[in-house]
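The values are calculated or read from the model by the stated rules, or taken from the named source; none is laboratory data. In this text the structure is predicted, and so the values were computed from the model without any measurement. Cβ coordinates were reconstructed from backbone atoms using ideal geometry, including for glycine residues, and neighbour counts include every protein chain displayed.
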Amino acid sequence: MQCSSCQADLPITARFCPSCAAPVLNEIDIKAPHQVSIEWVTTTLKAQRYEIEPLNSNPNAIITRRDGGTLVLTLMKDAQIIAVQSLWNMKPPSWGQKADLLAAVNKANALNWLCTCYVSEAFDNLTVSSFVYLTERLSSRDLCVFLENFQAGVAGVIQNSGILKFAK
């Protein structure tokens, strides 16, 4: 993406040009809910250097990786949402640590309104989930900003709640 004023290269998340401070207007890549497809999501994220692979069990889902984070994105067109999940492998806690882990998960859920944390029945996986709601319109910038904020929020919640000490 380039600035319309000075032609400088812009990150997709830019709201203002870092070179000339002109506001960034990107109306070209705005999608109505019925126009959002997993192909558009894939193309948008590849342009931002995400590694993408299909989730074989679901044609409307992809696995994304960037900067050490792994996310699963699932397009649910009927519900008009993109489900976003961050998956964490965990060392199964000892019997005495299970209460500490559950307390940390409850604290994480109380700390953040952006996501919901839950632990598998075997206590070996943590899933942090959220949703992008497909309302009137969605731009590639909106999607990328959401994912960056989600990943930063997940990292903060995991660290501040005490869950991090259980992660592998």
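THR127 falls short on exactly one of the conditions (1) among the β-branched types (Val, Ile, Thr); (2) in contact with a Ser or Thr (Cβ under 9 Å, 6 or more places away or on another chain); (3) loosely packed, with under 15 Cβ neighbours inside 10 Å, and that condition is (3).
Would you mention how many residues in region 66-97 are closer than 25 Å to GLU136 by Cα and within 12 Å of the chain's Cα centre (by Cα)?
Taking region 66-97 as the starting set, the residues that turn out to be closer than 25 Å to GLU136 by Cα are 71-85.
When the remaining residues are screened for being within 12 Å of the chain's Cα centre (by Cα), the result is 71-74, 82-85.
Qualifying residue count, region 66-97: 8.
Name the residue that is modelled with the lowest pLDDT, counting only residues in region 103-152 that are closer than 25 Å to ILE30 by Cβ and part of a strand (DSSP E or B). Among them, the one singled out is SER139. For PHE166, the conditions (1) surrounded by 19 or more Cβ atoms within 10 Å (Cβ to Cβ); (2) within 30 Å of ALA14 (Cβ to Cβ); (3) among the hydrophobic types (A, V, I, L, M, F, W, C) are fulfilled apart from (2). Being free of Cβ contacts under 8 Å to residues at least 12 places away in the same chain and not in a strand (DSSP E or B) is a condition met by no residue of region 80-92.
Quick one: which of ASN160, ASN149 is polar (S, T, N, Q) and either farther than 18 Å from ARG65 by Cα or surrounded by 18 or more Cβ atoms within 10 Å (Cβ to Cβ) (or both)? Steps first, answer last, please.
Details: ASN149 fails: either farther than 18 Å from ARG65 by Cα or surrounded by 18 or more Cβ atoms within 10 Å (Cβ to Cβ) (or both).
The unique qualifying residue is ASN160.
Residue pairs whose Cβ atoms lie under 8 Å apart, sitting 6 or more positions apart in sequence or on different chains, and linking a residue in region 102-131 that is without any contact (Cβ under 8 Å) to a residue 24 or more places away in the chain to a partner that is part of a helix (DSSP H, G or I) and of a type in the set (Val, Ile, Thr), are TYR118/VAL105.
Under the condition of being of a type in the set (S, T, N, Q) and surrounded by 15 or more Cβ atoms within 10 Å (Cβ to Cβ), which residue from region 98-115 is farthest from the chain's Cα centre (by Cα)?
From region 98-115, those of a type in the set (S, T, N, Q) are 106, 109, 112; that's our starting set.
Then drop every residue that is not surrounded by 15 or more Cβ atoms within 10 Å (Cβ to Cβ), which leaves 109, 112.
On the way: ASN109: 17, ASN112: 14 Å.
Across region 98-115, the extreme among qualifying residues is ASN109.
If you go through region 71-91 one residue at a time, how many are loosely packed, with under 14 Cβ neighbours inside 10 Å and either within 27 Å of LYS31 (Cα to Cα) or out of contact with any strand residue (DSSP E or B) (no Cβ under 9 Å at 6 or more places or on another chain) (or both)?
Here is the first cut: in region 71-91, the ones loosely packed, with under 14 Cβ neighbours inside 10 Å are 76, 78-79, 89, 91.
Next, only the ones that are either within 27 Å of LYS31 (Cα to Cα) or out of contact with any strand residue (DSSP E or B) (no Cβ under 9 Å at 6 or more places or on another chain) (or both) stay: 76, 78-79.
Number of matching residues: 3.
Taking residues in region 58-73 that are in the same structural domain as THR43 (by TED's automatic domain parsing), and partners anywhere that are charged (D, E, K, R) and part of a strand (DSSP E or B), the pairs with Cβ atoms closer than 6 Å and at least 6 places apart or on different chains are ILE63/GLU53; ARG65/GLU51.
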